[in-house]
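Data first, discussion second: the structure below is written as structure tokens.
The values are calculated or read from the model by the stated rules, or taken from the named source; none is laboratory data. None of the values given here were measured: they were computed from a predicted structure. Here Cβ is always computed from backbone atoms with ideal geometry, including for glycine, and neighbour counts include all displayed protein chains.
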Amino acid sequence: MQRRAFLTLAGAAAFGLHAHAADEGVAVIAHAPLRGLDAEAIRRIYTGRMVELDGQPLRPVQLPAGHPLRRRFASAFLQQSDEDFVAYWTVRRYIGKGAPPRELSSPAELVAHVQRTPGAIGYLDAADLRPGMHLLLRR
């Protein structure tokens, strides 16, 4: 039964339909396909420890603090709460180790930015994946 539900959701996503499932997960997308990125690499990118890949500067973007999708992303990919992520970047900025990923106001703005900006990486609700988006990882 689970396999049939997965195939139905996968088929809906392939045709650009919004599948209404509570556990669709979070998808990480990029401007162009990037090879060799796993969950650990995504964590390193969003914590400022990986800033380029194959000579291409990486430009992670995120939603505002407290946004439900950002909370889900932090939990699934960073293994921390959104509050801990904010605290991490507060300290890192204070000691001169960089700035947090740029914040965009909505998932639609984030997706548009990723699609037009070389090196951009962002996340969205997996149910909102559309053909032509470069999926890096899904959880």
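Scan the helices (runs of 4 or more DSSP H) fully inside segment 60-139 and keep the ones with 1 or more residues being of a type outside the set (Phe, Trp, Tyr), touching a residue at least 12 places away in the same chain (Cβ under 8 Å) and within 23 Å of residue 33 (Cβ to Cβ).
Details: elements: 68-73, 82-94, 107-116.
Helices (runs of 4 or more DSSP H) meeting the threshold: 68-73, 107-116.
Per the listing 63, 37, the residue uniquely modelled with pLDDT under 95, buried (at least 16 other Cβ atoms within 10 Å of the Cβ) and under 16 Å from the mean Cα position of the chain (by Cα) is 37.
Candidates are the residues of segment 67-101 that are basic (Lys, Arg) and loosely packed, with under 15 Cβ neighbours inside 10 Å; the one that is nearest to residue 42 (Cα to Cα) is 97.
Tell me, yes or no, whether segment 13-23 has at least one residue that is at pLDDT below 95, more than 25 Å from residue 116 (Cβ to Cβ) and surrounded by 12 or more Cβ atoms within 10 Å (Cβ to Cβ). Scanning segment 13-23, I find at least one residue that is at pLDDT below 95, more than 25 Å from residue 116 (Cβ to Cβ) and surrounded by 12 or more Cβ atoms within 10 Å (Cβ to Cβ), so the answer is yes.
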